[in-house]
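Colleague: This is the structure I want to talk about, given as structure tokens.
Bear in mind that the values in this text are calculations on the coordinates, not laboratory data. It should be emphasised that the depicted structure is a prediction, and the values quoted were computed from it without experimental measurement. Cβ placement follows ideal geometry from the backbone for every residue including glycine, while neighbour counts extend to all protein chains displayed.
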Amino acid sequence: MFKNGYFHVFLGQSASSGAQAVFYFIFAIFLQPGEYGTLSFIIALAGIASIISRFGNNLSVIKFQAKNEKKISSSLNSIVFLFSIIASIILIPINQYASLLTFASTIFFLNTSNLIGLQNYKKFALTHLKRGILILVFPIIFYYIIGFDGILIGISIAYLISGFGFLFKLKFSKEIFLDFKRKDRKSTRLNSSH
């Protein structure tokens, strides 16, 4: 019934989503309505910036990792990483915590996209489970230590810890980008000939 790691993907996603629902419920109790609205706005702002900085490449990473196209997936990872830094820098004057959360969540989602593409479903589930636990623990701890800002710092730390291993897999070189450009030209020529 649960072939090909679907159970692990389901388990990881469910645990992560459940923990996030509990997170929102807890902070709906602790925060004033205005603070809760501000928290939701900052999280949404970071989420939008993260999605834009990934511009669908996390799905391409899954595809190319599954096809064992290491150079292309490495190029895509590097490009998205750079765009997440740019998005984070743009957000600094708007909200520094949204900036941090944009970078941290992009790292997490790149990590999980690579794990799915590599068909490492158990590690995918454990990564989501880890993030689910940490997203409950760190924001609460930092909220009591720092206050409201601690929630956003705690969320960011949860994402960074859960995606941290991905940072060691990043490779930046001129050849990676040139190879990606060559592959893109080759696929464009193949598509135009049809």
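Colleague: With the cut-off at 1.5 for a/c, could you classify region 79-142 from its C-alpha gyration tensor as rounded, prolate or oblate? It would help to have the intermediate numbers written out before the result.
Modeller: Values: a/c = 5.62, a/b = 1.30, b/c = 4.32.
In terms of gyration-tensor shape, oblate.
Colleague: Using only Cα atoms and rounding to the nearest 10 degrees, what angle (0 to 90) does helix 57-66 make with the longest principal axis of the chain?
Modeller: Its long axis makes an angle of about 60 degrees.
Colleague: With +1 assigned to the C-beta of every Lys and Arg and -1 to the C-beta of every Asp and Glu, and no other charges, what is the dipole magnitude of the chain about the Cα centre in debye, to the nearest 20?
Modeller: My answer is approximately 1220 debye.
Colleague: Nearest 20 debye, what's the magnitude of the dipole of region 1-102 about its Cα centre given +1 on Lys and Arg Cβ and -1 on Asp and Glu Cβ?
Modeller: Rounded to the nearest 20 debye, it is 540 debye.
Colleague: Turning to a different aspect of this structure: Could you list, bin by bin from short to long, the percent of Cα-Cα pairs of the chain in 5 Å steps?
Modeller: Answer for the chain: a P(r) of 1, 8, 14, 18, 18, 14, 11, 7, 4, 2, 1, 0, 0 percent.
Colleague: Rounded to whole Å and sorted largest first, list the principal axis extents of the Cα atoms in region 1-53.
Modeller: Result, largest extent first: 46, 30, 9 Å.
Colleague: Relative to the longest principal Cα axis of the chain, at what angle does helix 174-192 sit, 0 to 90 degrees, rounded to 10?
Modeller: Orientation of helix 174-192: about 70 degrees from the principal axis.
Colleague: Compute the distance in nm between two label points, each set 7 Å from the Cα along the Cα-to-Cβ direction, one at E35 and one at L82.
Modeller: 4.1
Colleague: OK, next. Using the C-alpha gyration tensor of region 22-79, what are the square roots of 5 times its eigenvalues, in whole angstrom, with the largest one first?
Modeller: 37, 12, 7
Colleague: Given an 8 Å cut-off on Cα distances and at least 6 residues of separation, report the relative contact order of the chain as a percent.
Modeller: Details: 234 pairs, mean separation 54.4, N = 194.
Answer for the chain is 28 percent.
Colleague: Using the Cα gyration tensor of region 4-108, with a ≥ b ≥ c the square roots of its eigenvalues, what is the shape: rounded (a/c below 1.5), prolate (a/b larger than b/c) or oblate (neither)?
Modeller: The shape class here is oblate.
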